[in-house]
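Data first, discussion second: the structure below is written as structure tokens.
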Number of protein chains: 2
Amino acid sequence: MDIKTKLIAAAERLFDRHGFTATGIDRLTQATGMSSRTLYKHAGSKTALIAAVLSERDRRFQRRLAVRSVDGLFAALGDWVRVEGSRGCLFLRAHGETGGDTPEIAAALSAHKEQLRERIRLIVINETGGENPALAEQILLLFEGATATAVYRGAPAVASARAAAATLVEQARS
Amino acid sequence: MDIKTKLIAAAERLFDRHGFTATGIDRLTQATGMSSRTLYKHAGSKTALIAAVLSERDRRFQRRLAVRSVDGLFAALGDWVRVEGSRGCLFLRAHGETGGDTPEIAAALSAHKEQLRERIRLIVINETGGENPALAEQILLLFEGATATAVYRGAPAVASARAAAATLVEQARS
DNA sequence: TGAAATGTAAAACGATCGTTTTACATCTGA
DNA sequence: TCAGATGTAAAACGATCGTTTTACATTTCA
């Protein structure tokens, strides 16, 4: 595996499990077996590493969410939670830890959520045959709710969101 | 104002705006105008201060959420967001920053969410005339979703959750 | 009156932060 | 072959972390 890929993967894991600020550079070098010199050669800075981690996570997230139905969306989220665990949205967590004061992180959050909203917009069009911004916003709410609630309620939270979303879609159709 | 009350209030504000780890002791002494000696006399440690902040926030939160209807619940959340801002659930943020490794914080999160679930359980009983765990879980999802989404979508997220909740309640009644 | 309590100001504790540097080994390619 | 790139190991940078301590002023109250 490429050295930068390995670094980003290890960083994502540590940031997700222990938090961004709580994860120091020495823990990253220790986890990857590389020197701090090499780490900085490839990452530039810790902030840039965080941005790279979020960018890579966004790619993986979007790939898994490439579905066409609302039900498929929550099925995909269920898969995500089963594979990656549920410690909350990493973008919101990064934003929260820095108070929104780090432009690179704020930009990553904004881009990620914009993509998520766009995905849901397309899914809703596919489900109901046309634009329905109100329904799309409600699906987004359930998606975010499932992500947050899964932290302390586990995978069942996603199943509940899936059921609620089905009800809202059905109601919107009639 | 009592010195400990002032400390907790200032700490809550700084933790909320800039994050827990990012807020150092010196920023707290500077914000309150007290010496670090006095701060430690009253707070014990930073971890204990965080726990005290969460405890106080929980009290204020529960007081504001003392309502009897689902619509009232989201109206109250809307009030909360308008008054206190929307930077996400402070309990989940504290938990995320520490990776769940700090027992006091994990306990505060657990107690807070347990209270929230109990509140919603009672509201749902009041609305539908009996226990409805499935509906209660869905209302919880919308509540958490509104809190998370309001970080980047603002107050309208709460209004959307309110509408979605109304639909789910109506559907559960028939 | 005078000891205990409570506060500020400021220095100091060792630890750790993100980052850079020095020194050296190994691989790569013209 | 030999220069350049790429890596590790380890020390060092100044800054900041949470916390304790020393020294001193003020208030409280029997």
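See the values below:
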| quantity | calculated |
| --- | --- |
| Other copies of B:Ala66: label-to-label distances in nm, shortest first, labels 7 Å along the beta-carbon direction | 5.4 |
| Rg/Rg_ref, segment B:49-98, where Rg_ref = 2.2 N^0.38 Å and atoms are Cα | 1.23 |
| Cross-link partners of B:Lys46 among lysines (Cα-Cα below 24 Å; sequence separation of 8 or more within a chain) | B:Lys4, B:Lys6, B:Lys113 |
| Rounded accessible area of A:Tyr40 (nearest 10 Å², 1.4 Å probe) | 100 Å² |
| B:Lys4, B:Lys41, reordered so the largest accessible area comes first (probe 1.4 Å) | B:Lys41, B:Lys4 |
| Most mobile listed residue (B:Ala134, B:Ala146, B:Ala94) in chain B, GNM with C-alpha springs under 10 Å | B:Ala134 |
| Heavy-atom accessible area ranking, 1.4 Å probe, most first, across B:Ser174, B:Ser69 | B:Ser174, B:Ser69 |
| Choice from B:Ile125, B:Ile139, B:Ile50 showing the highest fluctuation, given a GNM over chain B with Cα pairs closer than 10 Å | B:Ile125 |
| Global form of chain A, assessed from the alpha-carbon gyration tensor, a/c cut-off 1.5 | prolate |
| Approximate spin-label separation A:Ala155-A:Thr128, in nm, with each point projected 7 Å along Cα-to-Cβ | 3.1 nm |
| Residue closest to axis [chain B; rotation mapping onto A; Cβ; Å] | B:Gly145, 1 |
| Cα long-axis angle, helix B:46-64 against chain B (0 to 90 degrees, to the nearest 10) | 30 degrees |
| Choice from A:Asp26, A:Asp58, A:Asp79 with maximal GNM fluctuation in chain A (Cα, 10 Å cutoff) | A:Asp26 |
| Sequence-distant aspartates and glutamates (8 or more away, or on other chains) whose Cα lies within less than 20 Å of A:Lys41 | A:Asp2, A:Glu12, A:Asp26, A:Glu56, A:Glu104 |
| Other copies of B:Gly33: label-to-label distances in nm, shortest first, labels 7 Å along the beta-carbon direction | 5.8 |
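The values are calculated or read from the model by the stated rules, or taken from the named source; none is laboratory data. A quick note: this is a predicted structure, and the numbers were derived from the prediction, not measured. No Cβ is skipped: glycine too gets one built from the backbone with ideal geometry, and neighbour counts run over all protein chains shown. For the accessible areas, the whole protein counts, side chains as well, though only heavy atoms, and no ligand, DNA or RNA atoms are used. Shrake-Rupley method; radii C 1.70, N 1.55, O 1.52, S 1.80 Å.
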